[in-house]
Amino acid sequence: MTTPFPTATITGYPRIGARREQKKALEAYWADRIDVADFTRSVHTLRIDTYRRLAQLGLSEDYAIPASYSHYDHVLDTALAVGLIPSAPGDGADADSAGSLEHYFALARGTAQRAPLEMTKWFDTNYHYLVPELADSTTFTAHPQQLLSLAAEAKAAGHLVRPVLVGPVTLLALTKSSPSATTLPLDRLDELTLVYRDILTALSHAGVDWVQLDEPALVADIPGSTDARLAEAARRSYATLATAVDRPQLFVTTPYGSLDNGLPTLAESGVDALGVDLSAATRRIDPDYPRRLAATVPASIRLVAGVVDGRNVWADDLVSSLDVLTGLGRESV
């Protein structure tokens, strides 16, 4: 029996901690004031405290809480998980080993011998992500250890959390080609999709029922691509992932705007839940979006309506948000 999607959820949560615990632990680790064991203990405590707090605030259903924690950058995490960036030699199953963390932070911050990865803005937010670089020689391989570790850690503390990955289309849309590359990153989508399928299989075997794949590229203007091309890429990729025999249920999110060509594509993809941006800001730009969603997304896909803007400091107008949800005309949303 599959676990139903929770009645309320969030798609991510700040990783820094209420008292900047992560920042303090990182700075102490980088300055050699604490060792790997102390650092991993600190961030473990932070993650469990965060899960506990979110459950107390109402996200107590299974898979209501996303495992969105990252030591530094979620794009880097996904790039390492799929082998877009090679992992540290001999990192084995422990993504928090000394060698793995040294490699991870060398990519993020650079060393005396190498520059860090380039950083650029994450869509229209103030967040900056690390830009992966893809060479023709890169071989995608599945490294689900960190995802499995976060899920197991949470389960041991009494929480079933939802692993989170940047989706395959968005990951390649944000990746740059190496100077010597002869193909564009999106040209290798089919190859990458098979590695995502391997990761989903590993998570399913570990007992995970829901996985979140973030696809903001499907609502954005991506240099060098078009909305139609990205939608076609999503069609191919999710046709493979949704029909995989051994997989968790798939929750695909599309934040930071409204879907155009991607809406019918995802509606026909066979994913299990679709997260859409129905914040006031998006509805002002595209007032017809709720109607298009109601007319296009079938009842077989759980529509997860993002009505509370996580980037807005103001209290949400709950009456207005309820009107939006009711207006979708669905029994469950």
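The values are calculated or read from the model by the stated rules, or taken from the named source; none is laboratory data. All of these numbers come straight from a predicted model, not from anything done at the bench. A quick note on method: Cβ atoms are made from the backbone with ideal geometry, for glycine too, and the neighbour counts reach across all protein chains shown.
I need a count of the residues in the range 1-40 that are part of a helix (DSSP H, G or I) and more than 24 Å from the chain's Cα centre (by Cα).
Within the range 1-40, residues that are part of a helix (DSSP H, G or I) and more than 24 Å from the chain's Cα centre (by Cα) number 8.
Could you grab me the full set of residues in the range 303-324 that are free of Cβ contacts under 8 Å to residues at least 40 places away in the same chain, within 21 Å of L263 (Cα to Cα), of a type in the set (A, V, I, L, M) and out of contact with any Gly (no Cβ under 9 Å at 6 or more places or on another chain)?
V307, V308
Does the range 290-324 hold any residues that are aliphatic (A, V, I, L, M), more than 22 Å from L250 (Cβ to Cβ) and surrounded by 15 or more Cβ atoms within 10 Å (Cβ to Cβ), and which are they?
V308, V324
What's the total number of residues in the range 221-256 that are modelled with pLDDT of 95 or more and under 24 Å from D286 (Cα atoms)?
16
Given the criteria without any contact (Cβ under 8 Å) to a residue 60 or more places away in the chain, surrounded by fewer than 19 Cβ atoms within 10 Å (Cβ to Cβ), touching a helix residue (DSSP H, G or I) at 6+ places or on another chain (Cβ under 9 Å) and among the hydrophobic types (A, V, I, L, M, F, W, C), does I16 qualify?
In short, yes.
Checking N126 against (1) modelled with pLDDT under 95; (2) more than 20 Å from I16 (Cα to Cα); (3) loosely packed, with under 13 Cβ neighbours inside 10 Å; (4) of a type outside the set (G, A, S), which test does it fail?
(2)
Against the condition over 30 Å from D49 (Cα atoms) and without any contact (Cβ under 8 Å) to a residue 12 or more places away in the chain, how does P179 come out, does it pass?
yes
What residue, of T139, T175, T170, T193, is over 30 Å from D32 (Cα atoms), at pLDDT 95 or above, under 22 Å from the mean Cα position of the chain (by Cα) and exposed (fewer than 13 other Cβ atoms within 10 Å of the Cβ)?
After applying the criteria, what remains is T139.
Anything in the range 72-84 that is outside any helix (DSSP H, G or I) and buried (at least 22 other Cβ atoms within 10 Å of the Cβ)? List them, or say none.
Passing the criteria: V82, L84.
Look through the range 25-63, keep the residues that are touching a residue at least 60 places away in the same chain (Cβ under 8 Å) and under 27 Å from L250 (Cα atoms), and return whichever of them is surrounded by the most Cβ atoms within 10 Å (Cβ to Cβ).
This residue is Y63.
Being surrounded by 21 or more Cβ atoms within 10 Å (Cβ to Cβ) and in contact with a Pro (Cβ under 8 Å, 6 or more places away or on another chain) is the filter here, so list the residues in the range 258-289 that pass it.
Result: G275, D277, L278.
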